Amino acid sequence: MEFLSYLISGISLGSIYAIIALGYTMVYGIAKMLNFAHGDVIMVGGYISFCVVTYLGLPGWLSVVVAMLVCTALGILIEGLAYKPLRQAPSLAVLITAIGVSYFLQNSALLIWGASPKVYTPIVSGQIEMFGGSLKISWVTVVTVVICFIIAVGLTSFISKSRMGKAMRACSEDKGAAQLMGINVNRTISTTFAIGSALAAVAGVLLCSFSPSLMPTTGSMPGIKAFTAAVFGGIGSIPGAFLGGILLGIIESLAKAYISTQLSNAILFAVLIIVLLVRPAGLLGKYVPEKV
Amino acid sequence: MNKIKHLSVTRKIDYATYAGVILAFAAVTILQRLDMVSRSMEGMLIPICCYVVMAVSLNLTVGILGELSLGHAGFMSVGAFSGVIAAMSLRDMLPSEPLRLAVSMVVGALFAVVASFVVGIPVLRLRGDYLAIVTLAFGEIIKEIMNCLIVGFDSKGLHIALNISGTVTIDSLGLDETGYAIIKGAQGATGTDKIATFTAGFILVMITLVVVLNLVRSRAGRAILAIRDNRIAAESVGINITKYKMMAFVTSAALAGAAGTLYGLNYSNMAAAKFDFNTSILVLVFVVLGGLGRIWGSVIAAVVLYVLPEALREFADYRMLVYAIVLILVMLATNTPAVRSMVGKMIPRRSKGGA
């Protein structure tokens, strides 16, 4: 029973990682950049939701919508101002710019909301009791897993069925060829950032419901872990990010419960390293042989 | 005078780098004698030396070997803690502080070398962003392990424990009455003797420059550059890829380890959390802004960017915000084609990879 409850909390945490990882992987797949600012968009999403609930007194679900709108706008703005001029630049320059954006968001949040942690009220409360009360599952857990599942299914069908999804796949394959086929590459990339940031907002709200303390650095560690999840599953692959996120959550939860709380992150990263040594392109990633 | 004219451009730049560092050291020492260095500036001198060494050594991995490493602070951490342990254990055996510092730095460098072998063997098989994420992972692993480390010293020698369960404390080591704690888990090193000096920092910077510049200009260095520029071509002319990659990686880690020791012995308290992902990134920013493969660039960038947040004190709370904006603007300015061509017209271009 104990094992089951750890497993469930792992799946729930993993679902949050999966949502963040989906955003990471989409952006990486199309723009081929490590967007280190993604974790901080999560944090902004959490704060926006917090403000809407606390200061405007609106219901929790509405705060999610507002957070998504704000983060989408933020994502498009960041992409347009900081990343778009660097399309042709070496990848390290883009990486450093992303780090600059990350510092910028963290320090803006620090100025606006202060350094002391805010206590976030989860958007849903209460729990279900099963097996005569020996297994308790909070509603947050259920909602998180369901939302993650809906997002994964929705995103997969969007990418495979819609025109925009097709354009995204084309751009990630070959930007030049996509442009020649009449695809607006810049708009496609902006859309990808918008979707990724909206997902980050959802993840932010869920993350804060899961561990209800909100600080300017809240997003950075989950961001790094979700990035790990994306690499774990094979970066650029949507099902890979989903799988990687869930697995990572389970590993973290079980490692915390049975091995060591202190070393849980170390165990997590060690698993990543072992997986990458066996499968250098991640679990579901495509291995592209190098042509000479 | 005639001799200087015959030197190649790269040689001239190398000598100018050495001369610049020596002059800077001399100038700061003279100003210190004249009491013209502010207290806050004085406290930054040793960390600046550490970060210069970190930046130059990371430039060896990122700029010259061409592999993105996001875990350089991990080696600094290994060097810092092993160095602190060495310095504190040798307290009675080596009363001379400079000698103890030197021995500790060697110990720190050696442990960093061991760590870099453990990390390098799996990591260097990977490529590109995958390599970057694995170095990041190793950095985090090292941080967490250091966070669990508990070390004490008494008449029987060193006592080491790993606080895996979260319940082990310094008392679990069972030290006798002459014993003292060196590292207390998450609290980190406490009560360390502050034996680091600015002169030692200067010497370490000079050693780093000599090692890195000579390595780059040697046969091995040319092999490393060849691997960066075209791995497949380099392999096809018989260059042992793994050997040279390891050489650059291990050298870089050893220098980072020595820098870590110097850093650790500059503070009486130091937590493992100091050497996290953000520190690795900070050093990477120095390297990229200084110019990939450009050693003197790393030196200047490390000094300027370390002092910059301090110089921005008047902006108070806004200083990190200003720092972030400066970072983004510099990246945009140096990488936008319009600005590049404008700068290119003013300065005649030098060949890529010139020191």
To two decimal places, what compactness ratio does segment A:139-292 give when its Cα radius of gyration is scaled by 2.2 N^0.38 Å? 1.17
For B:L70, list long-range residues whose amide hydrogen, built 1.01 Å from N in the peptide plane, is under 5 Å from its own amide hydrogen. B:T135, B:L136
Per DSSP, loop chymotrypsin sites (Phe, Trp or Tyr not before Pro) in segment B:150-210 with at most 12 further Cβ within 10 Å: none
Rounded to the nearest Å, the spacing of the alpha-carbon centers of segment B:222-291 and segment A:149-205 is 36 Å
Per residue of segment A:109-116, what does 6.51 cos²θ - 1.76 cosθ + 1.60 with θ = phi - 60° give for ³J(HN,Hα)? Whole Hz please, x for Gly and Pro, Karplus curve as stated. 4, 4, 6, 6, 10, x, 8, 6
With springs connecting C-alpha atoms under 10 Å apart, model chain A as a Gaussian network and identify which of A:F269, A:F131, A:F227 has the largest mean-square fluctuation. A:F131
For chain A, set up a Gaussian network in which alpha carbons nearer than 10 Å are linked by springs, and say which option among A:L268, A:L81, A:L22 fluctuates the most. A:L81
How far is helix B:9-33 tilted off the main Cα axis of chain B, in degrees rounded to 10, range 0 to 90? 50 degrees
Applied in sequence order to segment B:232-244, the curve 6.51 cos²θ - 1.76 cosθ + 1.60 (Karplus, θ = phi - 60°) yields integer Hz couplings, x standing for Gly and Pro, of 5, 4, 4, 5, 6, 9, x, 7, 6, 4, 4, 4, 6
Please work out how much accessible surface A:F242 shows to a 1.4 Å probe, ignoring ligands, DNA and RNA, in Å² rounded to 10. 60 Å²
What are the extents of the Cα atoms of chain A along their three principal axes, in Å, largest first? 62, 47, 35
To test your reading of the geometry: what angle, between 0 and 90 degrees and rounded to tens, separates the Cα axis of helix A:38-55 from the longest principal axis of chain A? 50 degrees
Would you mind telling me which residue in B:A132, B:A87, B:A115 has the biggest mean-square fluctuation in a Gaussian network model of chain B, where springs connect alpha carbons within a distance under 10 angstrom? B:A132
Kindly provide log₁₀ I(q)/I(0) values, in the same order as q = 0.09, 0.12 Å⁻¹, from the Debye equation applied to equal alpha-carbon scatterers of the protein assembly as shown. -0.80, -1.39
Hey, could you grab the Kirkwood Rh for segment B:2-346? Inverse mean 1/r over distinct alpha carbon pairs, Å, one decimal. 21.3 Å
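The values are calculated or read from the model by the stated rules, or taken from the named source; none is laboratory data. Remember, predicted model here, so these are calculated numbers, not experimental data. Quick reminder, even Gly has a Cβ in these numbers, built from the backbone with ideal geometry, and neighbours come from all protein chains shown. SASA here: full protein model, heavy atoms, side chains in, ligands and nucleic acids out. Shrake-Rupley method; radii C 1.70, N 1.55, O 1.52, S 1.80 Å.
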